[in-house]
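The block underneath contains the structure these notes are about, expressed in structure tokens.
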Amino acid sequence: MFEARHTMDAPTTRSADSGTSGGGGGWFAPRNQPATTPDSEQETTEANRPTDTRPLDRTRAGGPTPPEPDASQTDERAPVQRPSPPQPPPHVPDEPLTADPPASASPDAVLIRGTMAEVAPVADKVTSYFYALLFVRHPSLRSLFPAAMDTQRDRLLKALLTAAEHIDNTEVLVAYLQNLGRGHRKYGTRPEHYPAVGECLIGALSRYAGGIWNAETEAAWVRAYTRISQVMIDAAAADELRAPAWWHAEIVAHDIRTRDVAVVTVRPDQPYPFLAGQYASVETPWWPRIWRHYSFASAPRSDGLLSFHVKAVPAGWVSNALVHRARPGDIIRLGPPAGSMTVDHTTDSGLLCLGGGTGIAPIKALVEDVAEHGERRPVEVFYGARTDHDLYDIDTMLRLQQSHPWLSVRAVIDQQARLQLPDAIRAYGPWNEYDAYLSGPPGMIRSGVDALRDIGIPTERIRHDSVEELVTVGH
Ligand SMILES: Cc1cc2nc3c(=O)[nH]c(=O)nc-3n(C[C@H](O)[C@H](O)[C@H](O)COP(=O)(O)OP(=O)(O)OC[C@H]3O[C@@H](n4cnc5c(N)ncnc54)[C@H](O)[C@@H]3O)c2cc1C
Ligand code: HEM
């Protein structure tokens with residue numbers, strides 16, 4: 001078995017320079033303290049939000065108002081006293097990692113891309129070997145991962161490789177990695193775990209890129225990994241000062257809307273700050289350590305409840321559990337909020353919103369957010385579904401339309417009109433004064449983004465929430 005030339009438990013570089021100060025292959029000694037303090041300028045005040053202008057019937061959507069959370073429920077997840085309410089997270093651009101890496105590349109980036117090209121045809125083998133190395137060399141880490149390492153197991157490695165490939169694009173890389181580092185707290189990831197992962201990454205890459213692997217290439221990967229992990233470690237440490245690693249949330253309402261869609265409303269055990277348009281990772285008690293993303297179906301509510309629209313997909317583990325098994329009283333876990341499909345309140349441009357299936361949930365949240373800010377911005381919603389029956393939330397959307405003259409809602413049903421969302425937006429417009437928001441199945445987002453670009457909407461005005469694509473585009 002190949003042994004990486006450097007071992008992660010023999011650091012030769014101080015973390016202060018993150019291993020980037022030249023000299024080749026020093027592993028980092030992770031710092032436990034954040035390099036920066038939490039950025040208070042990015043925090044907005046939850047208390048400033050108006051709470052009495054909600055256009056929706058909260059009773060129906062939210063179920064009964066539960067008692068206030070018991071502060072004694074706080075556990076070791078949140079070791080730090082947090083006297084003030086948690087603040088909404090900073091706006092993190094998810095999308096830019098999908099951009100092509102810059103044409104002019106640093107020597108390290110050239111070496112990294114060379115490795116990537118070499119291992120691309122055998123990516124599956126690299127992933128399997130990486131996990132095999134990790135669990136054989138560091139058996140205690142196995143319990144952090146799900147029992148069944150399913151099709152999603154390649155996400156960690158893909159993210160690592162994509163981040164390394166974009167190592168020159170510091171600004172977008174850092175924002176992405178900070179988000180990832182914060183999100184890793186819910187897995188129980190600690191700073192001391194990072195060297196183990198790095199060592200096994202190098203072990204797997206060097207084996208499968210053997211033809212081109214040399215000391216120089218290894219040093220470039222060590223530097224890249226050291227930088228990547230230090231950003232994640234620092235972001236997690238900063239987050240520890242202001243938020244728990246995860247939240248417990250009790251299901252307080254479970255409303256079956258169609259054969260396969262349920263609206264699940266939960267009460268978090270501690271205040272859960274988020275922005276309309278974002279999503280949370282959710283873990284159910286039936287599939288421990290398996291986390292899936294679900295978008296918030298409302299803007300933040302004065303009663304602190306959160307709701308999700310969940311569609312049970314064929315053979316889907318978490319979605320079927322949430323739709324067919326979950327009942328009021330069940331406790332789920334939530335990771336921190338994430339996602340950049342949020343309303344930019346610094347402009348008054350219109351919002352062109354495309355929601356397919358349960359993708360209408362965050363769009364509804366965006367509409368509520370605009371309504372709460374009391375603005376008169378045009379909001380045009382295209383709500384796509386395969387059949388009439390699948391437009392499970394059309395009544396709510398039409399009620400919102402009645403209350404808000406600036407809102408227009410159009411249903412686009414595939415089967416009737418043989419029309420899909422992208423065709424529909426081409427038929428209306430012009431959209432040059434609009435920012436676009438897309439939410440729904442990845443295929444719809446891809447075709448929607450193509451259609452919007454075709455009609456001249458610049459990429460920076462298009463927001464969507466399909467995080468899977470972040471780490472897969474280009475590979
Ligand atoms: C940012 C983001 C926000 C999301 N928000 C929501 C939301 O608000 N509501 C919601 O219901 N879902 C949402 N999803 C999708 C959700 O995260 C899960 O992927 C989905 O519920 C399937 O998870 P699962 O564990 O049930 O299925 P898995 O066990 O992951 O998958 C089982 C099988 O089903 C297939 N499969 C997965 N998804 C689909 C699908 N849509 N149609 C057909 N087959 C599929 C898989 O390929 C696999 O073969 C969101 C995803 C992202 C990335
Ligand atoms: C630079 C280093 C790392 C990168 C880029 C990275 C990236 C990722 C990504 C993208 C995911 C997919 C889910 C998500 O977005 O949260 C993931 C999942 C995960 N990561 Fe990491 N990770 C890194 C280091 C680590 C370390 C050190 C550990 C601890 C051993 C770890 C443990 C996990 C676990 C347990 C999961 C969930 C696995 C699953 O759902 O199947 N990661 N990682």
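Could you calculate the FRET efficiency of Val122 with Thr346 from 1/(1 + (r/R0)^6), where r is the beta carbon distance between them and R0 is 41 Å, rounded to 0.05?
0.30
5 Å is the cut-off here: which amide hydrogens, built 1.01 Å from N in the peptide plane, fall below it relative to Val381, excluding neighbours closer than 5 in sequence?
Long-range HN contacts for Val381: Cys353, Ser408, Val409, Arg410.
Principal axis extents for the stretch 350-472, Cα atoms only, whole Å, descending order, please.
Computed over the Cα atoms, the extents are 39, 33, 28 Å.
Please report the spacing between the Cα centers of the stretch 340-404 and the stretch 219-262 in Å, no decimals.
Here the answer is 26 Å between Cα centres.
Enumerate the amide H contacts of Ala253 below 5 Å, restricted to partners 5 or more residues apart or on another chain; note that Pro and chain-start residues carry no placed amide H.
The list, which skips near neighbours in sequence, is Thr265.
Just grab the label-to-label distance for Ser302 and Ala215, each label 7 Å out from Cα along the Cβ direction, in nm (one decimal).
6.9
How would Ser229, Ser140, Ser128 line up from fewest to most surrounding beta-carbon atoms within 10 angstrom?
The order, fewest Cβ neighbours first, is Ser140, Ser128, Ser229.
Amide H neighbours of His464 under 5 Å, at least 5 residues apart or on other chains, H built in the peptide plane: list them.
Answer set, sorted by chain and number: Leu438.
Tell me, what is the FRET efficiency for Arg137 and Trp287 to the nearest 0.05, using R0 = 22 angstrom and their Cβ-Cβ distance as r?
Rounded to the nearest 0.05, the efficiency is 0.25.
Round to the nearest 0.05 the FRET efficiency obtained for Glu192 and Ala105 when R0 = 41 Å and r is the Cβ-Cβ distance.
The pair Glu192/Ala105 has a calculated efficiency of 0.80.
Karplus couplings for the stretch 173-181 from phi (6.51 cos²θ - 1.76 cosθ + 1.60, θ = phi - 60°), rounded to Hz, Gly and Pro as x?
Whole-Hz 3J(HN,Hα) from phi for the stretch 173-181: 4, 5, 4, 5, 5, 4, 4, 5, x.
Listed highest first by mean packing, meaning other Cβ atoms within 10 Å per residue, what order do 423-430, 109-116 come in?
Most protected by this proxy first, the peptides run 109-116, 423-430.
In cubic angstrom, how much convex hull volume per residue do the alpha carbon atoms of the stretch 225-283 span?
136
Which ordering of Thr265, Thr258 is given by a fewest-first count of other beta-carbon atoms within 10 Å?
Thr258, Thr265
Report Rg (one decimal) and Dmax (nearest whole number) for the stretch 246-339, counting Cα atoms only, units Å.
Rg then Dmax for the stretch 246-339, in Å: 12.0, 36.
Once the convex hull of the C-alpha atoms of the stretch 182-239 is built, how many Å³ does it hold per residue, rounded to a whole number?
73
Read-outs: derived from the displayed coordinates by stated rules, not from any lab. Just so you know, these numbers come straight off a predicted model, no measurement behind them. Cβ: placed from backbone, ideal geometry, glycine included. Neighbour counts: every protein chain shown.
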